[in-house]
Structures are given as structure tokens and as C-alpha cells.
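**Q** Sending over a structure as C-alpha cells; questions will come in a sec.
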Amino acid sequence: MRLTTTIKSVRWLSLQACAFNGYDESSTSNNQGIFLEMIRLMGRLNVDIDDVVLEKAPKNTKYTSSTIQKEILHILVNKVRKKICEEVKDVKFCILVDKAQRCIK
């Protein structure tokens, strides 16, 4: 359930072109970023999810690290790429990607 919650969060945030991480993701922060806040919200909406995510998850299986997020995104990207290739066959195409930069003052 932890992994499914993470995958659904990553998928939704990427479809909405949202930044995942917050400026301060520490446990004392009031806003830890959209990704962690989304998982927290999903837990509030579903007690089964709430029982296994974030602070209630074992430290080695939280599935919330940026590495895990990137791996899930990589899998989703490959699925999209494969689907596009199946549809366009031998036609050349390109995908434009925009990355938002965080400014620290």
C-alpha cells in the first residue's frame, strides 16, 4: 500500500506538472512539499493508507525518497515513450521537457 500510494502521488503530480519537493522537508516543517503533503492527505482520507505511510512506515520502506520518486518517474517516462513509439512507428518526434528551478535568496 505504501508503494502504491507513492506511485499514485508521483503519477498525479507529474501529470499536473507540479514540483515534488518543498524548501524544508524536515519533520518540524509546516509544509514539507507537495509530494509529502499529498501522501499525508491520502492518509487522512483513507485509514488503511494512514496506518502504513510516512511516520508509521519502517524507516527502510517509506518509499518517499527523491531516488524512489525519480525511479518511478523513469518507469512512467519509459511507458509513455514506448506508447508514443508504438503510435508513430518510424516517424521522428521529440519531447520538450521544462524543469523549474528553485531560487534561494
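The values are calculated or read from the model by the stated rules, or taken from the named source; none is laboratory data. Note that this is a predicted model, so its numbers are computed, not measured. With ideal geometry, Cβ positions are generated from the backbone for all residues, glycine too; neighbour counts draw on all protein chains shown. What goes into the accessible areas is simple: the full protein's heavy atoms, side chains included, and nothing from ligands, DNA or RNA. Shrake-Rupley method; radii C 1.70, N 1.55, O 1.52, S 1.80 Å.
**Q** Given the criterion surrounded by 15 or more Cβ atoms within 10 Å (Cβ to Cβ) and out of contact with any Asp or Glu (no Cβ under 8 Å at 6 or more places or on another chain), identify the matching residue among Val77, Val53. Explain how you work it out, then say what you get.
**A** On the way: Val77 fails: surrounded by 15 or more Cβ atoms within 10 Å (Cβ to Cβ).
Unique residue meeting the criteria: Val53.
**Q** Please count how many residues of segment 1-44 are of a type in the set (D, E, K, R), open to solvent by less than 90 Å² (accessible area, probe 1.4 Å) and outside any loop (DSSP other than H, G, I, E, B). Lay out the reasoning, then the answer.
**A** Filtering segment 1-44 down to residues of a type in the set (D, E, K, R) leaves 2, 8, 11, 24-25, 37, 40, 44.
When the remaining residues are screened for being open to solvent by less than 90 Å² (accessible area, probe 1.4 Å), the result is 2, 24-25, 37, 40.
With the extra rule that they be outside any loop (DSSP other than H, G, I, E, B), the set shrinks to 2, 37, 40.
So the count comes out to 3.
**Q** Looking at segment 1-16, which of the residues that are in contact (Cβ under 8 Å) with a residue 60 or more places away in the chain and not polar (S, T, N, Q) is farthest from Val52 (Cα to Cα)?
**A** First, the residues of segment 1-16 that are in contact (Cβ under 8 Å) with a residue 60 or more places away in the chain: 2-3, 6-7, 10-11, 14.
Applying the additional criterion that residues be not polar (S, T, N, Q) yields 2-3, 7, 10-11.
Working: Arg2: 6, Leu3: 10, Ile7: 15, Val10: 17, Arg11: 20 Å.
So, considering only residues that are in contact (Cβ under 8 Å) with a residue 60 or more places away in the chain and not polar (S, T, N, Q), the one farthest from Val52 (Cα to Cα) is Arg11.
**Q** A follow-up question, please. Within segment 55-63, does at least one residue satisfy the condition of being under 14 Å from the mean Cα position of the chain (by Cα) and modelled with pLDDT under 90?
**A** Here is the first cut: in segment 55-63, the ones under 14 Å from the mean Cα position of the chain (by Cα) are 62-63.
Now narrow it down to the ones that are modelled with pLDDT under 90: 62-63.
Scanning segment 55-63, I find at least one residue that is under 14 Å from the mean Cα position of the chain (by Cα) and modelled with pLDDT under 90, so the answer is yes.
**Q** Right, next: Please name all residue pairs, on different chains or six or more residues apart, with Cβ atoms under 9 Å, provided the first residue is in segment 76-88 and is among the charged types (D, E, K, R) and the second residue is open to solvent by less than 70 Å² (accessible area, probe 1.4 Å) and part of a helix (DSSP H, G or I).
**A** From segment 76-88, no pairs qualify.
**Q** Still on this structure: Which of the residues belonging to segment 57-84 are within 10 Å of Arg2 (Cα to Cα) and part of a helix (DSSP H, G or I)? Break it down stepwise before answering.
**A** Taking segment 57-84 and keeping what is within 10 Å of Arg2 (Cα to Cα), we get 57, 61-64.
The answer is Thr61, and nothing else.
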